Amino acid sequence: MTPNKITPIVRILIEKLDTTHEETYLPVEPEKNAEERNCFPVVQKKVEQCGGRMIMGWQIWETKHLVEAECHAVWEDEDGDLHDITPKPESLKIDRILFVEDENLIYEEKQIDNIRINKSKINLVDDLIDVCKAIHRFDNKGERAYLYDLTDVLNDEQKTHRAYLVELKDCINFMLERGMNKKSLCPCGSTLKFIDCHGYNLRKRIEKDI
């Protein structure tokens, strides 16, 4: 969710970004018939139709366990006012975002990984952050960085590895939501403890480079 205020941990994240501008709250003004959460083509189309320009920066999110900065683009109209025109999923119920403009960011038609900080003392959150990094690293290796759909380009070993990473992320999220720990039963249904199942050799498995 969007942080309600600039708490100390949110400030730490913003300072870590080392951006060129100060943070600001922007109302969500979704462009009609635009694709959800796909800001770059949405803003590019708006610029082509109405002028102005694309402004890149970071959208700040906060959950119970972490704060997170997601690369995001907004539209600047010809008067210099910023507008967040990318639709958000209705389930999120977001009517404003916390945005930090960053002139150092360059859009090269490939993903830029989120920046995350663990706001709790729970080591499972560190695992979650590392798994998210691993998924991004895998999806953006070589030419995969410029592909939206990887279905037809992965071999069987790569598909298995990516599926494991996604399942691992889902397991950890499930456990965090329910206050579980590494010695809890793994949510995958194996009847083994997480540490002996999806959590077994976690670092080695997520660092696999294929």
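All of the numbers you see were taken from the coordinates with simple rules; none came from a lab. Predicted model only: the values in this text are computed from it and were never measured. Heads up, the Cβs are rebuilt from the backbone with ideal geometry, glycines too, and the neighbour counts pull from every protein chain shown.
A few comments on the model shown:
- Annotation: the residues Leu98, Leu150, Leu168, sorted from fewest to most other C-beta atoms within 10 Å of their own C-beta, follow the order Leu150, Leu98, Leu168.
- Taking Val67, Val47 and counting other C-beta atoms within 10 Å, the order from fewest to most: Val47, Val67
- Entries in Lys45/Lys121; Lys110/Lys159; Lys93/Lys193; Lys121/Lys159; Lys5/Lys121; Lys32/Lys159 that, when Cα-Cα distance is taken, lie over 31 Å: Lys45/Lys121; Lys93/Lys193; Lys121/Lys159; Lys32/Lys159
- The range 64-132 and the range 1-21 have their alpha-carbon centroids 11 Å apart.
- Derived scalar couplings between HN and Hα for the range 146-157 equal 9, 9, 7, 10, 9, 3, 8, 10, 8, 7, 4, 5 Hz in order, rounded to whole Hz, by the Karplus curve 6.51 cos²θ - 1.76 cosθ + 1.60 (θ = phi - 60°), x for Gly and Pro.
- Backbone amide hydrogens, once placed in the peptide plane, bring Lys193 within less than 5 Å of Cys186, excluding anything fewer than 5 places away on its chain.
- Qualifying chymotrypsin sites (Phe, Trp or Tyr not before Pro) in the range 64-118, where qualification requires a DSSP coil assignment and no more than 16 other C-beta atoms within 10 Å, comprise Tyr107.
- Using only side-chain charges placed at the Cβ, +1 for Lys and Arg and -1 for Asp and Glu, the dipole size of the chain relative to its Cα centre rounds to 1480 debye.
- Within the range 110-169, chymotrypsin sites (Phe, Trp or Tyr not before Pro) in DSSP loop having at most 12 other beta-carbon neighbours inside 10 Å: Tyr148
- Options Gly142, Tyr200, Ile112, ranked by Cα towards positive dipole end of the chain, top entry (Cβ charges): Tyr200
- Labels on offer are (1) 33.6, 132; (2) 17.5, 62; (3) 18.8, 60, and the one holding Rg and Dmax of the Cα atoms in Å computed from this structure is (3).
- For the range 102-192, applying the loop criterion from DSSP together with a ceiling of 14 other beta carbons within 10 Å to the GluC sites (Glu not before Pro) yields Glu103, Glu108, Glu109.
- Rounded, prolate or oblate (a/c below 1.5 giving rounded, otherwise prolate when a/b exceeds b/c) for the range 105-180 by Cα gyration tensor: oblate
- Residues His161, His198 arranged by fewest to most Cβ contacts within 10 Å: His161, His198
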